[in-house]
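The structure appears below as structure tokens.
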Amino acid sequence: MSIRVRFAPSPTGDLHVGGARTALFNWLMARKSGGTFILRVEDTDGARNTAEAAAGIIKGMRWLGLDWDEGPEAGGDCGPYFQSQRKDIYDAYFKKLEDVGRTYAEADGAMRFKFSRTAITVHDLVCGDVTFAPTEEPDMTIRRPDGSYIFHFVNVVDDIEMRMTHVIRGEDHLSNTWKHIDLFNAFGATPPTYVHIPLILNPDGTKMSKRDEGSAIEHSYMNAGFLPAAVFNYLCMLGWTPKSESEKLSREELTALFDADAIHSSNAKFDLKKALWFNAQYLRELSPADLLQHARPFLTAKGLIWTDDTLAAAAVHSVREKVSLLTELPEWVHYFFREDYPFEADVVTKLKAKPENAGLLKAAAEHLAQSTEWTEQSVHDAVEAAAKALSVKPGAMMPLLRFALSGQSRGPGVTTIAHLIGKEKTLARIQRALSEVLGA
RNA sequence: GACCCCUUCGUCUAGCGGUUAGGACACAUCCCUUUCACGGAUGCGACACGAGUUCGAUUCUCGUAGGGGUCGCCA
């Protein structure tokens, strides 16, 4: 039998790392086995669910590359995939329960499910067999007075209707799973295999919630300059260790290595530093064109404009090893795109510190002006010749040129900057530094 | 209060009776270097505690402590 798994979020807010990783593991399970991944929106709580939240969750999943085979925008044989549109199905199932005498009404019209009150064992791939003694809890409400149904009921009905073979979800559901199995049994259906995955905690060990750092996919990752591949990879490492030499693994490798049995049973704390490290790894192996593609919205958001994509790509590529987030790119490359870049305060101080700096810059400009070709090597040679003429080391001249060409004290190689912006701008920038900063 | 899950360096983890307890992130130092980084090297650093089983426990069992979760007409 082909594996069928689902991610069943309730659209009460943004997609969160916990939910994203649950979706991720479900996706991996399906893709690994050639099975089916279903997205089902559990919007039975009319008061708290919003269409915006549902759209946000879909947006986040698309960004992470978690495509679904059945669900909103994808269709499928088991639809509709919004629980708010499945009332007829729930009514029919509720009738089945009534027919076997497992329901009864409260005074206000709410309907409860009569528990079997027998010992129930959950077979879980992560937690093993977990047996719950006959319950002493009150029977659970499954239908509200207004006729709408409660989570436990619709969740089970849909898992039956959609023929789920495995239920991969957060460990916070484990304690309620016996209720679900009780329902499966009442319907005469076979429960799926459960996989309760550990929770993701804040660095201080508390449960991660909406407001916490690194929690919301769109806010903390998409808009913060993460690459989806990096987030995908990092999230996988929280609660699962692939049998592999490296931790840095592609989507394809993770899919091939995925093994639900190997998922851990202990919770993991979120580590932003490590997430950043993963992102830096992915960032630096992007081609110039791909890097620019990802960086584009972050550059334009800072008002940087350009006409030559090749040049812009080379610019961002030249600093790819210096950043761990796309949002850091603009401050590292802005001077490639404009001539009115500011001179940082410490740069001004350093330039003014020694009176001979003006002479050094002028000499560099003169030698550079004589260059007939304009490559990184020719720039380097010209600077070296200028240094030699004044009996100083090239190392004394390079920082000054960096200040003049970028206004900053850090960045890619000076020769790289000069080469990319061209001879004309290089000479003009040196002149500007001489006149504006040194008054020469 | 009851029930469920969990417990190895600061963090993510390897380990599945005998290991100098390994790796990654972070941190520190050094090397490389025109800056910042990258990279390389080294260092720092853990089996929660107590019983038991065993020739021998990080590993198996029980207990304690600690952490997390659940017990809704939320999902």
Which loop trypsin sites (Lys or Arg not before Pro) in segment A:314-351, with loop taken from DSSP, have no more than 12 other Cβ atoms within 10 angstrom of their Cβ?
A:R338
Subtracting the Cα-Cα distance of A:K207 and A:D77 from 0.36 nm times their residue separation yields 43.1 nm
Once you put a point 7 Å from the Cα of A:D309 and another 7 Å from the Cα of A:E373, both along the Cβ direction, what distance in nm separates them?
2.9
Sort A:V122, A:V156, A:V130 by Cβ crowding within 10 Å, fewest neighbours at the top.
A:V130, A:V122, A:V156
If neighbour count is taken as other Cβ atoms inside 10 Å, put A:D124, A:D346, A:D108 in order from fewest to most.
A:D108, A:D346, A:D124
Final fewest-first order of A:V348, A:V41, A:V100 on the 10 Å Cβ neighbour count is A:V100, A:V348, A:V41
Can you give the Rg to Rh ratio for chain A, taking only C-alpha atoms and Rh from Kirkwood?
1.17
Report the extension gain between A:D259 and A:K302 in nm, rounded to one decimal, defined as 0.36 nm multiplied by the number of residues separating them, less their alpha carbon distance.
11.2 nm
Convex hull volume per residue in cubic angstrom - Cα atoms of segment A:286-336:
65
In terms of the Cα gyration tensor, with a ≥ b ≥ c the square roots of its eigenvalues, is segment A:133-280 rounded because a/c is under 1.5, prolate because a/b exceeds b/c, or oblate?
prolate
Considering Cα pairs under 8 angstrom that are at least six residues apart, work out the relative contact order of segment A:135-200 and quote it in whole percent.
34
When the helices in chain A are scored as -39500 (n - 2.57) per DSSP H run of 4 or longer and the sum is shared across all residues, what 222 nm value do you end up with, to the nearest 500 deg cm²/dmol?
-13500 deg cm²/dmol
Two pseudo-spin positions, 7 Å from Cα along C-beta at A:E424 and at A:E384, lie apart in nanometres by 2.9
In nm, the gap between the two label points placed 7 Å beyond Cα toward Cβ at A:E356 and A:S246 is 4.8
What are the semi-axes of the equivalent ellipsoid of segment A:299-439, taken as the square roots of 5 times the eigenvalues of the Cα gyration tensor, listed largest first and rounded to whole Å?
25, 17, 13
Could you give me the radius of gyration and the Dmax of segment A:161-211, taking only the C-alpha atoms into account and expressing both in angstrom?
14.2, 44
Can you tell me how much longer the chain between A:R163 and A:T327 gets when fully stretched, taken as 0.36 nm per residue apart minus their C-alpha distance, in nm with one decimal?
54.7 nm
Tally the DSSP beta bridges in chain A and give the antiparallel ones as a percent, rounded to 5.
55
Under 23 Å from the Cα of A:K269, which lysines turn up, not counting those fewer than eight places away in the same chain?
A:K207, A:K210, A:K243, A:K248
Loop only by DSSP, 15 or fewer other Cβ within 10 Å of the Cβ. Give me the trypsin sites (Lys or Arg not before Pro) in segment A:1-52 that pass, ordered by residue number.
A:R48
Per-bin percent of Cα-Cα distances, segment A:316-397 [10 Å]
15, 31, 41, 13, 0
Reduced to Cα centres, the span from segment A:355-434 to segment A:67-121 in Å works out to 74
Ranked by how many other beta carbons lie within 10 Å on average, peptides A:294-307, A:413-426 from highest:
A:413-426, A:294-307
Segment A:189-239 shape via C-alpha gyration tensor axes, a/c threshold 1.5:
prolate
May I ask what percent, to the nearest 5, of DSSP beta bridges between residues of segment A:99-201 are antiparallel?
65
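Each value in this text was obtained by applying a stated rule to the coordinates, not by laboratory testing. The shown structure was predicted, so the numbers you read here are calculated from the model rather than taken from an experiment. Cβ coordinates were reconstructed from backbone atoms using ideal geometry, including for glycine residues, and neighbour counts include every protein chain displayed.
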